[in-house]
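Below is one structure, written out as structure tokens, with a few remarks after it.
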Amino acid sequence: MRKKITVVGAGNVGATCAQRLAERGYADIVLVDIIEGMPQGKALDILESGPVVGFDSNVIGTNSYEETADSDIAVITSGVPRKPGMSRDDLVLTNMKIVKEVTQKLVKKSPNCIIIVVSNPLDAMAQLALKVSGFPRQRVIGMSGILDTARFRTFLAMELKVSVEDVAAYVLGGHGDTMIPLTKMATVGGVPVTEVLPKNKIDKIVERTVKGGGEIVALLKTGSAFYAPSAGVVQMVDAIVQDKKQILPCAAYLDGEYGVKGVFVGVPVKLGKDGIEEIVKIKLTPEEKKALKKSADAVRELIDIMKI
Ligand code: APR
């Protein structure tokens, strides 16, 4: 039997997620939004691409949660995106109301689902979803590290003029200005990038990565990134649905790992059918450890603002 995946928010990120997931063919998709007719229209449009693309997934759009019952995975993308000049953190008070309401409604109908949070500010919204759902931490995961890492890999590959597939890297920490691209672990064809690129070039790439979301917002002017974010979601869903045990950078609730307790932050995790099956520990330099702590502190500030 096909899995069932609910995507809440049928805007840019949500609708693109629904399209990418439907094309996988392994799950039926329910697309939810508060705007009447919009999720229904987009779902039907995606469904009608099935005969051409070649998938049999059912795709429905709705304004209620009845149709979401017994979902295996729920992706939360509802919320406002940033405008030029805004930081992700500026969205906290608006998006917290939306994410709280959506999580409550989702878990009532799908008490055993795995939640993937995409709404920003990412780490704080994941923390809110964990609290509101009452789920174990294995089943609430934030999508951010895959996106930040994809940006880092893209810029490294552009500079090195090699395939993106030859560049391996990790970006850890919060999804914001305090994220930590791990330059020492970045490799091209297995060779550390620090051996093939001068420090000033790497520093520029790191800076562009950290500001990668803002670069897109400044260009789009009316919204934020959605093609790469939705691709990140699908990589996580693939790992869960196919029980891949894949190690991916995701936002996870830490309980002492990496010296961080009681807060979401981006770390490598093993994703499989149960969600986060392990928080993978990699050796960080003292500076990286310090940066991760700073990142966790920044997330804590938002949690204080939300008073959760
Ligand atoms: N329930 C369901 N959907 C909602 C709700 C709600 N309570 N409130 C808002 N929405 C819907 C909006 O109607 C809109 O269709 O969420 C959708 C958001 O879509 P966009 O405005 O296109 O935003 P998008 O680019 O998809 O970003 C969504 O993901 O990357 C993050 O920062 C981004 O927080 C933002 C989120």
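Here are the numbers:
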{"quantity": "Residue in the stretch 39-47 that is open to solvent by less than 10 Å² (accessible area, probe 1.4 Å) and under 23 Å from ILE114 (Cα atoms) present", "calculated": "yes"}
{"quantity": "Among the candidates LEU182, LEU156, residue that is assigned by TED's automatic domain parsing to the domain that holds GLU288, crowded, with 22+ Cβ neighbours inside 10 Å and of a type in the set (A, V, I, L, M)", "calculated": "LEU156"}
{"quantity": "Which listed residue is open to solvent by 10 Å² or more (accessible area, probe 1.4 Å), modelled with pLDDT of 95 or more and either in contact with a Lys or Arg (Cβ under 8 Å, 6 or more places away or on another chain) or not hydrophobic (A, V, I, L, M, F, W, C) (or both), from GLY275, GLY256", "calculated": "GLY256"}
{"quantity": "The stretch 92-120 residues that are at pLDDT 95 or above, paired with ones that are among the aromatic types (Phe, Trp, Tyr) (beta carbon under 6 Å, 6 or more apart)", "calculated": "LYS105/TYR65; LYS109/TYR65"}
{"quantity": "Flag if ALA218 is away from the ligand (no atom under 11 Å from the Cβ), among the hydrophobic types (A, V, I, L, M, F, W, C) and surrounded by 21 or more Cβ atoms within 10 Å (Cβ to Cβ)", "calculated": "no"}
{"quantity": "Residue, farthest from ILE73 (Cα to Cα), within the stretch 95-113, restricted to residues that are within 9 Å of the ligand (Cβ to nearest atom) and open to solvent by less than 70 Å² (accessible area, probe 1.4 Å)", "calculated": "ASN95"}
{"quantity": "Test: residue in the stretch 73-91 that is under 17 Å from ILE240 (Cβ atoms), more than 10 Å from the ligand (Cβ to nearest atom), of a type in the set (Ser, Thr, Tyr) and surrounded by 16 or more Cβ atoms within 10 Å (Cβ to Cβ)", "calculated": "no"}
{"quantity": "Scope the stretch 1-38; condition over 19 Å from the mean Cα position of the chain (by Cα), near the ligand (Cβ under 8 Å from one of its atoms) and open to solvent by 80 Å² or more (accessible area, probe 1.4 Å); matching residues", "calculated": "ILE34, ILE35"}
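The values are calculated or read from the model by the stated rules, or taken from the named source; none is laboratory data. Quantities reported herein were computed from a predicted structural model and do not represent experimental measurements. Cβ: placed from backbone, ideal geometry, glycine included. Neighbour counts: every protein chain shown. Calculation scope for accessible area: heavy atoms of the full protein, side chains included, ligands and nucleic acids excluded. Shrake-Rupley method; radii C 1.70, N 1.55, O 1.52, S 1.80 Å.
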